[in-house]
Amino acid sequence: MKNLLFATNNQHKLTEIRQILQPDYIISSLKEIGCLDELPETQNTLEGNALQKAMYVYQKYCIDCFADDTGLEIDALDGAPGVYSARFAGDKATYQQNVDKVLALLRGIENRKARFRTVIALIKDGKEYFFEGSVEGEIICKGRGKSGFGYDPVFIPAGYDKTFAEMSDKEKNDISHRGLTVKKLTDFLKRINK
């Protein structure tokens, strides 16, 4: 088994990544290395934020690690909330407040096409690598389902009739933006670790 450090303070993301990567990898959290810092996210792109978080941990602890940033991009909102997805309704907004703001902005709008996009930045032996995955879908008018987190209750991936929040963890991870991105990361790690 290989160890990987995931530079995140988001317990939901940590759980999801662990589900995707087990049993091949043991995923360590920031808490497990004694890092209780709030990681900086001041860039205006997903790539920038992912790298900023990974670099912060790498420089402070000298440990190879990866970080992600994910955004919901809605066509009718010119790609918003995008990089601001986690704080769309304000810096301390809850998941529900963010969802409520999106639904309010889309009220009466017919085009509800959207995508989730995830970027992972990996720092290994001082080198930077990027991996990206996305899933197309649409935003429904009212949340459905109890699984997942964030915008999952209002996002139906293309070709499905269930929201991410109505899917089992395995169903979601097999097709999700984060699942696709993590697969690219693990394929890369397998290649270089041969």
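The values are calculated or read from the model by the stated rules, or taken from the named source; none is laboratory data. A quick note: this is a predicted structure, and the numbers were derived from the prediction, not measured. Counting neighbours? That spans all protein chains shown, and the Cβs are built from the backbone with ideal geometry, glycine included.
Checking 60, 31, 2, 53 one by one, the residue that is basic (Lys, Arg), surrounded by fewer than 17 Cβ atoms within 10 Å (Cβ to Cβ) and touching a residue at least 40 places away in the same chain (Cβ under 8 Å) is 2 and no other. Looking across the range 137-156 at every residue that is touching a His at 6+ places or on another chain (Cβ under 9 Å) and surrounded by 17 or more Cβ atoms within 10 Å (Cβ to Cβ), the one that is nearest to residue 85 (Cα to Cα) is identified as 150. Within this structure, residue 96 passes the test of being assigned to a helix (DSSP H, G or I) and without any contact (Cβ under 8 Å) to a residue 12 or more places away in the chain. Does residue 178 fit the bill of being touching a residue at least 40 places away in the same chain (Cβ under 8 Å), outside any helix (DSSP H, G or I) and under 13 Å from the mean Cα position of the chain (by Cα)? The answer is no for residue 178. When the range 104-136 is limited to residues that are over 22 Å from residue 176 (Cα atoms) and β-branched (Val, Ile, Thr), the one that is surrounded by the fewest Cβ atoms within 10 Å (Cβ to Cβ) turns out to be 109.
Please specify each residue of the range 99-125 satisfying the condition of being in contact (Cβ under 8 Å) with a residue 40 or more places away in the chain and either not aliphatic (A, V, I, L, M) or not in a strand (DSSP E or B) (or both). Across the range 99-125, the qualifying residues are 99, 102, 103, 115, 116, 117, 118, 124, 125.
When the range 80-125 is limited to residues that are more than 24 Å from residue 9 (Cβ to Cβ) and not hydrophobic (A, V, I, L, M, F, W, C), the one that is nearest to the chain's Cα centre (by Cα) turns out to be 115. Looking across 172, 101, one residue alone is at negative phi, surrounded by fewer than 22 Cβ atoms within 10 Å (Cβ to Cβ) and basic (Lys, Arg). It is 101. Look at the range 141-163 and say how many of its residues are in contact with a strand residue (DSSP E or B) (Cβ under 6 Å, 6 or more places away or on another chain), outside any helix (DSSP H, G or I) and of a type outside the set (Phe, Trp, Tyr). Result for the range 141-163: 4.
Within the range 5-23, restricting attention to residues that are of a type in the set (S, T, N, Q) and without any contact (Cβ under 8 Å) to a residue 12 or more places away in the chain, the residue that is surrounded by the most Cβ atoms within 10 Å (Cβ to Cβ) is 10. Of the residues in the range 55-78, none is within 16 Å of the chain's Cα centre (by Cα) and either farther than 22 Å from residue 173 by Cα or assigned to a helix (DSSP H, G or I) (or both). Scanning the range 34-50 for residues that are surrounded by 13 or more Cβ atoms within 10 Å (Cβ to Cβ) and at pLDDT below 95 yields 35, 39, 41. Answer yes or no: is there a residue in the range 143-163 that is over 22 Å from residue 21 (Cβ atoms) and at pLDDT below 95. Yes, some residue in the range 143-163 is over 22 Å from residue 21 (Cβ atoms) and at pLDDT below 95.
Within the set 136, 110, 166, the sole residue that is acidic (Asp, Glu) and touching a strand residue (DSSP E or B) at 6+ places or on another chain (Cβ under 6 Å) turns out to be 136.
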